[in-house]
Amino acid sequence: MATRLRVSLGLVGAIALLGGFAHTAHAGALNSADRYCDRNASQVFLPWNDHANYMLSPGGSFEYGAPAWTLAGSAHVVQGNELFYIRSSQDKRSMSIPQGSSATSPMMCFSTGNWHFRFVGRGNGRVRVTVRVRGLLGVISILDGGTVQLNGSWRPSPRVSLLLTNIGGLLTTKAISLRFTAVDGTAQIDDVYVDPWVST
(Lines give C-alpha, C1' and ligand atoms only; values in the text may rest on other atoms or scores of the structure.)
Protein backbone atom coordinates (compact mmCIF):
# COMPACT_ATOMS: atom_id res chain seq x y z
CA MET A 1 0.00 0.00 0.00
CA ALA A 2 1.31 3.42 -0.89
CA THR A 3 2.57 5.44 2.01
CA ARG A 4 2.25 9.10 2.71
CA LEU A 5 3.85 11.75 4.85
CA ARG A 6 1.35 13.72 6.89
CA VAL A 7 1.98 16.94 8.72
CA SER A 8 0.09 18.83 11.39
CA LEU A 9 1.22 22.43 11.42
CA GLY A 10 1.39 25.02 14.14
CA LEU A 11 1.18 28.66 13.01
CA VAL A 12 2.95 30.94 15.43
CA GLY A 13 3.25 34.75 15.27
CA ALA A 14 3.97 37.63 17.59
CA ILE A 15 0.76 37.19 19.61
CA ALA A 16 1.65 33.58 20.32
CA LEU A 17 5.14 34.59 21.32
CA LEU A 18 3.87 37.18 23.78
CA GLY A 19 0.98 35.02 24.95
CA GLY A 20 3.11 32.16 26.17
CA PHE A 21 2.92 29.64 23.31
CA ALA A 22 6.69 29.95 22.93
CA HIS A 23 9.27 29.55 25.65
CA THR A 24 12.79 30.91 25.82
CA ALA A 25 16.22 29.56 26.60
CA HIS A 26 19.67 31.06 26.58
CA ALA A 27 21.46 30.95 23.24
CA GLY A 28 24.52 29.09 24.48
CA ALA A 29 26.52 27.82 21.52
CA LEU A 30 24.19 29.40 18.94
CA ASN A 31 26.55 32.21 18.00
CA SER A 32 25.61 34.77 15.34
CA ALA A 33 28.96 34.09 13.68
CA ASP A 34 27.68 30.61 12.88
CA ARG A 35 24.83 31.89 10.72
CA TYR A 36 24.65 30.49 7.21
CA CYS A 37 23.29 32.26 4.12
CA ASP A 38 23.35 30.29 0.88
CA ARG A 39 21.82 32.29 -1.96
CA ASN A 40 21.81 29.46 -4.49
CA ALA A 41 18.14 28.60 -4.97
CA SER A 42 16.59 25.97 -7.22
CA GLN A 43 13.31 24.11 -7.71
CA VAL A 44 14.49 20.91 -6.07
CA PHE A 45 10.95 19.65 -5.39
CA LEU A 46 9.64 20.35 -8.89
CA PRO A 47 9.15 16.60 -9.60
CA TRP A 48 6.46 16.74 -6.89
CA ASN A 49 4.73 19.79 -8.45
CA ASP A 50 6.32 22.24 -6.02
CA HIS A 51 7.53 25.25 -8.01
CA ALA A 52 9.12 27.10 -5.08
CA ASN A 53 12.84 27.87 -5.03
CA TYR A 54 14.64 26.23 -2.12
CA MET A 55 18.08 26.52 -0.61
CA LEU A 56 19.85 23.75 1.25
CA SER A 57 19.95 24.29 4.99
CA PRO A 58 23.45 24.34 6.51
CA GLY A 59 24.65 20.74 6.62
CA GLY A 60 21.23 19.59 5.43
CA SER A 61 22.75 16.97 3.11
CA PHE A 62 24.69 15.36 5.99
CA GLU A 63 27.60 14.68 3.65
CA TYR A 64 31.31 14.87 4.53
CA GLY A 65 32.53 18.46 4.77
CA ALA A 66 29.06 19.92 5.37
CA PRO A 67 28.42 22.10 8.46
CA ALA A 68 27.81 19.85 11.47
CA TRP A 69 24.47 19.57 13.24
CA THR A 70 24.19 19.37 17.03
CA LEU A 71 23.10 15.86 18.04
CA ALA A 72 21.44 14.71 21.26
CA GLY A 73 20.65 11.21 22.49
CA SER A 74 21.42 8.52 19.92
CA ALA A 75 21.04 10.66 16.78
CA HIS A 76 23.83 10.00 14.28
CA VAL A 77 24.76 10.24 10.62
CA VAL A 78 24.41 6.93 8.76
CA GLN A 79 25.37 5.53 5.39
CA GLY A 80 22.57 5.54 2.84
CA ASN A 81 21.13 8.52 1.00
CA GLU A 82 17.48 9.27 0.26
CA LEU A 83 16.50 7.52 -2.97
CA PHE A 84 15.78 10.61 -5.09
CA TYR A 85 19.27 12.13 -4.74
CA ILE A 86 17.74 15.61 -4.70
CA ARG A 87 20.99 17.41 -3.99
CA SER A 88 23.50 15.21 -5.83
CA SER A 89 23.75 11.75 -7.31
CA GLN A 90 27.03 11.43 -5.40
CA ASP A 91 25.46 11.80 -1.95
CA LYS A 92 25.79 8.84 0.40
CA ARG A 93 24.63 9.81 3.89
CA SER A 94 21.57 10.78 5.93
CA MET A 95 20.60 11.42 9.57
CA SER A 96 19.11 8.74 11.84
CA ILE A 97 17.12 9.99 14.86
CA PRO A 98 15.91 7.27 17.26
CA GLN A 99 13.01 7.87 19.63
CA GLY A 100 13.71 10.67 22.11
CA SER A 101 16.81 11.84 20.23
CA SER A 102 17.20 15.08 18.29
CA ALA A 103 19.29 16.78 15.60
CA THR A 104 19.60 20.59 15.40
CA SER A 105 20.86 22.55 12.41
CA PRO A 106 23.36 25.41 12.64
CA MET A 107 21.91 28.93 12.58
CA MET A 108 20.72 30.15 9.17
CA CYS A 109 19.09 33.21 7.62
CA PHE A 110 15.35 33.41 7.09
CA SER A 111 12.65 35.72 5.79
CA THR A 112 9.60 36.96 7.64
CA GLY A 113 6.33 36.01 6.01
CA ASN A 114 4.79 32.65 5.13
CA TRP A 115 8.01 30.73 5.74
CA HIS A 116 8.37 27.01 5.13
CA PHE A 117 10.78 24.15 4.55
CA ARG A 118 10.78 20.58 3.27
CA PHE A 119 12.94 17.51 3.70
CA VAL A 120 12.99 13.88 2.64
CA GLY A 121 12.23 11.34 5.33
CA ARG A 122 11.36 7.79 6.19
CA GLY A 123 10.73 5.83 9.37
CA ASN A 124 8.13 4.18 11.55
CA GLY A 125 6.96 7.05 13.71
CA ARG A 126 6.60 10.80 14.08
CA VAL A 127 9.19 13.55 14.05
CA ARG A 128 8.51 16.87 15.77
CA VAL A 129 10.04 20.03 14.35
CA THR A 130 10.84 23.08 16.45
CA VAL A 131 12.21 26.37 15.16
CA ARG A 132 14.68 28.28 17.32
CA VAL A 133 14.55 32.03 16.67
CA ARG A 134 17.21 34.39 17.99
CA GLY A 135 15.76 37.21 20.07
CA LEU A 136 17.03 40.18 22.05
CA LEU A 137 20.04 39.84 24.36
CA GLY A 138 20.98 36.43 23.03
CA VAL A 139 17.67 34.77 23.95
CA ILE A 140 16.17 32.04 21.80
CA SER A 141 12.42 31.67 21.25
CA ILE A 142 11.33 28.09 20.62
CA LEU A 143 8.45 27.83 18.14
CA ASP A 144 6.43 24.73 17.33
CA GLY A 145 6.74 23.78 13.66
CA GLY A 146 4.42 20.81 13.86
CA THR A 147 4.72 17.03 13.68
CA VAL A 148 5.42 14.99 10.54
CA GLN A 149 4.28 11.37 10.29
CA LEU A 150 6.84 9.16 8.55
CA ASN A 151 5.56 6.03 6.85
CA GLY A 152 8.08 3.45 5.71
CA SER A 153 9.91 4.37 2.52
CA TRP A 154 11.62 7.62 1.55
CA ARG A 155 9.16 10.43 0.72
CA PRO A 156 9.44 14.22 0.46
CA SER A 157 7.68 15.86 3.39
CA PRO A 158 4.81 18.28 2.88
CA ARG A 159 5.66 21.94 3.39
CA VAL A 160 6.29 22.52 7.08
CA SER A 161 5.26 26.12 7.72
CA LEU A 162 5.31 28.93 10.25
CA LEU A 163 3.73 32.35 9.94
CA LEU A 164 6.54 34.70 10.92
CA THR A 165 5.11 38.02 9.81
CA ASN A 166 5.18 40.03 13.03
CA ILE A 167 8.25 38.96 14.95
CA GLY A 168 10.92 40.92 13.07
CA GLY A 169 11.08 43.58 15.78
CA LEU A 170 12.01 40.93 18.34
CA LEU A 171 15.07 39.73 16.42
CA THR A 172 18.63 40.96 16.43
CA THR A 173 20.21 38.69 13.82
CA LYS A 174 17.43 37.33 11.57
CA ALA A 175 18.64 33.83 12.37
CA ILE A 176 16.94 30.53 13.05
CA SER A 177 17.84 26.89 13.47
CA LEU A 178 15.74 23.75 13.02
CA ARG A 179 15.46 20.90 15.52
CA PHE A 180 14.09 17.48 14.57
CA THR A 181 13.06 15.23 17.48
CA ALA A 182 11.79 11.65 17.07
CA VAL A 183 8.59 11.42 19.11
CA ASP A 184 8.23 7.67 18.62
CA GLY A 185 9.93 5.10 16.44
CA THR A 186 13.07 6.03 14.49
CA ALA A 187 13.15 8.86 11.97
CA GLN A 188 15.63 9.13 9.12
CA ILE A 189 15.91 12.50 7.37
CA ASP A 190 17.92 13.89 4.49
CA ASP A 191 18.18 16.92 2.19
CA VAL A 192 16.62 19.60 4.42
CA TYR A 193 15.70 22.63 2.26
CA VAL A 194 14.32 26.05 3.21
CA ASP A 195 12.18 28.63 1.35
CA PRO A 196 12.29 31.58 1.46
CA TRP A 197 15.78 32.77 2.36
CA VAL A 198 16.74 36.36 3.17
CA SER A 199 20.06 38.19 2.97
CA THR A 200 21.66 39.47 6.17
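Values computed for the structure shown
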{"read-out": "Criterion violated by residue 62 - all others in (1) in contact (Cβ under 8 Å) with a residue 40 or more places away in the chain; (2) open to solvent by 30 Å² or more (accessible area, probe 1.4 Å) satisfied", "value": "(2)"}
{"read-out": "Residues satisfying the stated conditions in region 39-49, i.e. in a loop (DSSP other than H, G, I, E, B) and surrounded by fewer than 13 Cβ atoms within 10 Å (Cβ to Cβ)", "value": "39, 40, 43, 49"}
{"read-out": "Candidate set from region 107-150 (those that are outside any strand (DSSP E or B) and within 16 Å of residue 193 (Cβ to Cβ)); member that is modelled with the lowest pLDDT", "value": "111"}
{"read-out": "Pairs with Cβ under 6 Å, 6+ apart, first in region 76-87 and within 15 Å of residue 192 (Cα to Cα), second open to solvent by 30 Å² or more (accessible area, probe 1.4 Å) and part of a loop (DSSP other than H, G, I, E, B)", "value": "81/92"}
{"read-out": "Members of region 50-59 that are touching a strand residue (DSSP E or B) at 6+ places or on another chain (Cβ under 7 Å) and open to solvent by less than 60 Å² (accessible area, probe 1.4 Å)", "value": "52, 54, 55, 56, 57, 58"}
{"read-out": "Residue match in region 70-83 (condition: under 14 Å from the mean Cα position of the chain (by Cα), buried (at least 23 other Cβ atoms within 10 Å of the Cβ) and at pLDDT 95 or above)", "value": "no"}
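The values are calculated or read from the model by the stated rules, or taken from the named source; none is laboratory data. This structure is a prediction, so every number in the text was calculated from the model and none was measured. With ideal geometry, Cβ positions are generated from the backbone for all residues, glycine too; neighbour counts draw on all protein chains shown. Heads up: the accessible areas ignore ligands, DNA and RNA and are worked out on the full protein's heavy atoms, side chains in. Shrake-Rupley method; radii C 1.70, N 1.55, O 1.52, S 1.80 Å.
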